[in-house]
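Visitor: I have a structure here, written as structure tokens, and I will follow up with some questions on it.
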Amino acid sequence: MAPKSDPAARIFRIKITLGDVSPSVWRRVEIEDCSLETLHGVLQDAMGWANYHLYEFRIDGLAYTHPKAVDEDNRNAADMTLGQLVDGKHTTLDYVYDLGDEWKHQIEVESVAAREADVHYPRCIEGEQACPPEDCGGPTGYATMLKVLKDPNHEDFDDVFERAGEKFNAEAFDPGRVNRIWATWDFSDPKSGPSYDADQEETPREADERRAKAKAKAKAEADAKSAAQAHVGRNDPCPCGSGKKYKKCCFKKGKDGNFDDE
């Protein structure tokens, strides 16, 4: 059962950062004290996951997980609260979602303060970049997916585009949407949240229009990069920022797909 709301409760401001992903995917959230089980729900909604898989909070060699998944190797996430961890001087903890893809998040407690009057908690303050799609292969698979989506001529573009999911935009994040999801979430009523809300399915026409826009955007970015490279000498620094000479980096990669460090 989720902890009950207390008017005098402490409010924890936490930053959630997804590891091994570039550009950085992060969220900043304010939340009342709650169990790690409830915190899992907060993280799912804030990030944009769909709660398809098991999770673990990892603290000092101990793992806390879903009450129904407890065994001899881990503990019940419902039996530990965020406040207990902070009182025990734990201001950072690791949260791993999907034990196959291993999406590792670092949770940092940035501050603890009194609740503000007339403010609904939890609330998402800010964040950047979209959550990766479920089951895309972890950070490595996601990096490959983003690379393909930037090349409209890639043979796998259409397939990856479909697998990326409806209306996926890697650069988009709206904290207001998260707060709208949480608008009816009352900690005194466990059935009121979290929601793991999903957008309405798009029509075939909307999907075609979205695909065309994505290809056009990817082509424009590719053309801009090619135009920039056209003015770069073979011995000049590569415009991609690798620190290598252009002839040893993107120029070489464009010819045979390999980097050649001598």
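Visitor: Checking residue 27 against (1) open to solvent by 40 Å² or more (accessible area, probe 1.4 Å); (2) touching a helix residue (DSSP H, G or I) at 6+ places or on another chain (Cβ under 6 Å); (3) of a type outside the set (A, V, I, L, M, F, W, C), only one condition comes out false. Which one?
Guide: (1)
Visitor: Where residues in segment 227-261 are within 30 Å of the chain's Cα centre (by Cα) and small (Gly, Ala, Ser), which of them is modelled with the lowest pLDDT?
Guide: So, considering only residues that are within 30 Å of the chain's Cα centre (by Cα) and small (Gly, Ala, Ser), the one modelled with the lowest pLDDT is 257.
Visitor: When both residues are 6+ apart or on different chains and their Cβ atoms are under 9 Å apart, which pairs have a first residue that lies in segment 70-87 and is farther than 15 Å from residue 58 by Cβ, and a second that is open to solvent by 60 Å² or more (accessible area, probe 1.4 Å) and not in a helix (DSSP H, G or I)?
Guide: From residues that are farther than 15 Å from residue 58 by Cβ, the pairs are 78/1; 78/66; 83/10; 83/112; 86/10; 86/112.
Visitor: Here's something else I'd like to know. Taking residue 135 as meeting all but one of (1) open to solvent by 40 Å² or more (accessible area, probe 1.4 Å); (2) farther than 14 Å from residue 19 by Cα; (3) touching a Lys or Arg at 6+ places or on another chain (Cβ under 8 Å); (4) not polar (S, T, N, Q), write down the number of the exception.
Guide: So the condition that residue 135 fails would be (3).
Visitor: Name the strands (runs of 3 or more DSSP E) wholly within segment 33-130 that hold at least 1 residues that are open to solvent by 70 Å² or more (accessible area, probe 1.4 Å) and closer than 20 Å to residue 20 by Cβ?
Guide: Output list reads 55-59, 92-97, 103-114, 123-128.
Visitor: Test each condition in (1) open to solvent by less than 70 Å² (accessible area, probe 1.4 Å); (2) assigned to a loop (DSSP other than H, G, I, E, B) for residue 141 and report the one that comes out false.
Guide: (2)
Visitor: Considering 100, 137, 127, which residue is among the small types (Gly, Ala, Ser) and in contact (Cβ under 8 Å) with a residue 60 or more places away in the chain?
Guide: 127
The values are calculated or read from the model by the stated rules, or taken from the named source; none is laboratory data. If you're wondering where the values come from, they're calculated on a predicted model, not measured in any experiment. No Cβ is skipped: glycine too gets one built from the backbone with ideal geometry, and neighbour counts run over all protein chains shown. Keep in mind that these areas ignore ligands, DNA and RNA; they rest on the heavy atoms of the full protein, side chains included. Shrake-Rupley method; radii C 1.70, N 1.55, O 1.52, S 1.80 Å.
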